[in-house]
1. Would you be able to tell me the number of residues in region 1-37 that are under 12 Å from L56 (Cα atoms) and not β-branched (V, I, T)?
2. Having 2 or more residues that are within 13 Å of the ligand (Cβ to nearest atom) is the bar; report the strands (runs of 3 or more DSSP E) wholly within region 207-313 that clear it.
3. Can you tell me which of (1) surrounded by fewer than 20 Cβ atoms within 10 Å (Cβ to Cβ); (2) touching a residue at least 60 places away in the same chain (Cβ under 8 Å); (3) touching a helix residue (DSSP H, G or I) at 6+ places or on another chain (Cβ under 6 Å) is the one R116 doesn't meet?
4. Six or more apart or on different chains, Cβ atoms under 6 Å: show the pairs whose first residue is in region 94-112 and in the same structural domain as G122 (by TED's automatic domain parsing) and whose second is acidic (D, E).
5. Report yes if some residue within region 100-108 is in contact with a Gly (Cβ under 6 Å, 6 or more places away or on another chain), polar (S, T, N, Q), surrounded by fewer than 21 Cβ atoms within 10 Å (Cβ to Cβ) and within 25 Å of A331 (Cα to Cα); otherwise report no.
6. I'd like to check something: does region 227-235 contain any residue that is surrounded by fewer than 22 Cβ atoms within 10 Å (Cβ to Cβ) and closer than 27 Å to I285 by Cβ?
7. Being within 9 Å of the ligand (Cβ to nearest atom) and free of Cβ contacts under 8 Å to residues at least 40 places away in the same chain: is that true of A39 here?
8. Name every residue in region 262-300 that is more than 30 Å from Q29 (Cβ to Cβ) and either in contact (Cβ under 8 Å) with a residue 60 or more places away in the chain or of a type in the set (V, I, T) (or both), in order of residue number.
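The values are calculated or read from the model by the stated rules, or taken from the named source; none is laboratory data. In this text the structure is predicted, and so the values were computed from the model without any measurement. So basically every Cβ, Gly included, is an ideal-geometry build from the backbone, and we count neighbours across all protein chains shown.
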Amino acid sequence: MKRIAILGSTGSIGRSTLSVVESYPERFQIATLAAGNNADLAFEQAVRWKPRVISLATELSSEMLRTKLRGAGLAEIEVVHGAAGTVRVATHADVDFVVSAIVGVSGLEATYEAVRAGKTVGLANKECMVVAGELITAEARKQGKPLLPIDSEHNAIHQCLRGGRMDAEANEVERIWLTASGGPFLHTPKSEFGSITVQQALNHPTWKMGKRITIDSATLMNKGFEVIEACRLFNVPPDRVQVIVHPQSTIHSLVEFVDGSILAQISVTDMRLPILYALTYPERIPSDLRFSLSDLRHLDFYPPDMAKFPCLELAYEAARTGGAQTIALNAADEVVVGAFLEEQIGFEDIPKIIKEVMAATPAAHLESIQEVLRADTEARLLAREIVKQRSRKGLPIRAIS
Ligand SMILES: NC(=O)c1ccc[n+]([C@@H]2O[C@H](COP(=O)([O-])OP(=O)(O)OC[C@H]3O[C@@H](n4cnc5c(N)ncnc54)[C@H](OP(=O)(O)O)[C@@H]3O)[C@@H](O)[C@H]2O)c1
């Protein structure tokens, strides 16, 4: 029986993980859960799964949850809160496997501490790898534990890499191909980008996901983060990670080997499959998540339009420099995506503000999670300041060049 902690249990990945656990009660058991502010769903999950510990983001919501659980006769469930609460959930002695699925850097400390505590970690939270990938992978190596990607592209690459060697003695991998659906604006002319609405940007063609990752998919920043994530997870330089637009999202990613062979992973577009793969690795077990090859008609591929989607180029730049630049990239993106969702800025302002924050961030390599978090706070403040300054001057953010 594998005992599981879910960081971000109320989110899209968290709920999909619970659905996988539900399907295999003989294999998996929920040990601990961590959520943010959705106290009602956290209560439902606590009643259904009876975790040892559950954490919420704030003291107030955890107090309310504790009271409700007492009322439901579940006073034995420990309710904690905040960053320390999430760390407790991730490092609990009764946990074997941690699903890291909190959105943004809020999940960083707990993910790092889970690795440090020798837990096997299934990584959905790509921001952790973007801001602190070097530190996390070094710690996982030290612990001798795998980091298992849940992000569908990296999960596909992980599967394809089982087809060749990539170790100290032999490197048979030529290149990693990351597929991109292209998002909702693949065929939208650049001249129309200025009038893109929040609703249009949230309408992803193939995946149903949280809001931030959906907007990041529309700008292709999500693909940029995935480039950085791939470099760090699989220890390859950015020039050997190539993005290819594949609108059908049938192939989740590919690996090209030195002999010219290319392995691709095909499956349904359902996150329960990469979650199941990570939870059962190195085994594969039967599932009903079938892909019908006979329904397949087209597999189209073309290079991404870097001029139309400047976020992708910004991510490559950050990947080449590393350290504080990738932290600035992620922090600024989180701030500006939030501002876009609140309709404070336009779609085209997103890369412009991120570029400004990156340009103002000195190159540095960070040695600890605390330093990473400090650099993240600084970049975030800077991004907010740019937004604020512009609105104080009464200028539309759209005017930033
Ligand atoms: N969804 C996908 O298909 C997909 C695919 C690949 C990778 N990912 C990555 O997986 C991560 C999660 O994505 P998602 O789509 O599941 O996001 P989501 O639906 O927005 O869920 C985010 C989760 O994080 C929790 N959370 C937010 N702030 C928190 C805090 N301060 N402390 C504790 N918990 C907090 C939320 O709790 P509340 O809701 O209770 O506030 C929620 O459970 C992201 O990094 C994303 O890039 C997602």
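1. 8
2. Qualifying strands (runs of 3 or more DSSP E): 251-257.
3. (2)
4. G104/E127; G104/E334; V105/E127; V105/D376
5. Taking every residue of region 100-108 in turn, none turns out to be in contact with a Gly (Cβ under 6 Å, 6 or more places away or on another chain), polar (S, T, N, Q), surrounded by fewer than 21 Cβ atoms within 10 Å (Cβ to Cβ) and within 25 Å of A331 (Cα to Cα).
6. Within region 227-235, one or more residues are surrounded by fewer than 22 Cβ atoms within 10 Å (Cβ to Cβ) and closer than 27 Å to I285 by Cβ.
7. yes
8. Matches in region 262-300: I262, L263, A264, I266.
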